[in-house]
Amino acid sequence: MGRVDGKTALVTGAAHGIGRTTARMLAEEGAAVALTDVDAEAGAEAAADIRAEGGEAAFYEHDVTAEDDWTRVVTAVHDAMGGPTVLVNNAGIYQIAPLGEMDVEDWRTLMDINVTGVFLGMKHCTPLMEAAGTGSGINVSSVAGTVWGGRPSGRGPWQRGGRHPSAAGRWGRRPPGRTPRGGAFRCFPRHAGRTEDTFY
């Protein structure tokens, strides 16, 4: 029996790298996995690879910065697999530039994907988790938020480990039976190389 048998997981930025590996691990542990990404070709390939290994997976092209896209994708996943009870906010970009030289449009793009995208994921998935009485949320952050790189830069918005303070206060780790309104949304950061113990 897998650790997430019977659960539906939504993983953003799942076409490549950490997101793709996370989606595969969730499927191996028994979840039905919705992979989302702006890279439709690679995302569809990632979902097909999971299905070829016997897992349940579907790909949805998805711009995490667009609320209409979140509404569309979450509704489609709900209809096809059931409401997401695992959310992995993995989609993100990394832009290296000295703070004084970073273009404001690049900064806005960074914030839209890395911050607004995470907010929208929590906004649209937590009500379904609360309704189901269970849920787990993982907001993937960067070690750049805690490690000094030698100069000020606009690298990543998730400082000090990346936990969203509002989400952590309401849906953060709590003992069994002490979750808000029956929900169990856990919000905590994970970095590259730490995916092996994320899911339970």
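The values are calculated or read from the model by the stated rules, or taken from the named source; none is laboratory data. Quantities reported herein were computed from a predicted structural model and do not represent experimental measurements. Positions of Cβ are generated from backbone atoms using ideal geometry, with glycine treated the same way; all protein chains shown enter the neighbour counts.
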Checklist outcome for this item: Of the listed residues (GLY133, GLY100, GLY92, GLY150), the one being at pLDDT below 95, under 19 Å from THR22 (Cβ atoms) and out of contact with any Leu (no Cβ under 7 Å at 6 or more places or on another chain) is GLY92
Item to check | Unique match (being buried (at least 24 other Cβ atoms within 10 Å of the Cβ), outside any helix (DSSP H, G or I) and under 15 Å from the mean Cα position of the chain (by Cα)) among THR36, THR22 | outcome: THR36
Checklist entry - Which residues, taken from segment 91-130, are part of a loop (DSSP other than H, G, I, E, B) and of a type outside the set (Asp, Glu)? => result ALA91, GLY92, ILE93, TYR94, GLN95, ILE96, ALA97, MET102
Item to check | Among residues of segment 1-16, those that are closer than 24 Å to SER142 by Cα and either modelled with pLDDT under 95 or assigned to a strand (DSSP E or B) (or both), counted | outcome: 3
Next on the checklist: Residue pairs, Cβ under 6 Å, 6 or more apart or interchain, first in segment 94-115 and touching a residue at least 60 places away in the same chain (Cβ under 8 Å) and surrounded by 14 or more Cβ atoms within 10 Å (Cβ to Cβ), second aliphatic (A, V, I, L, M) and assigned to a helix (DSSP H, G or I). List them.
Outcome noted: GLN95/LEU110
Item to check | Residues being β-branched (Val, Ile, Thr) and within 16 Å of ALA31 (Cα to Cα) - total across segment 120-136 | outcome: 1
Item to check | Criterion (touching a residue at least 40 places away in the same chain (Cβ under 8 Å), in a strand (DSSP E or B) and surrounded by 23 or more Cβ atoms within 10 Å (Cβ to Cβ)) met by exactly one of VAL73, VAL77, VAL88 | outcome: VAL88
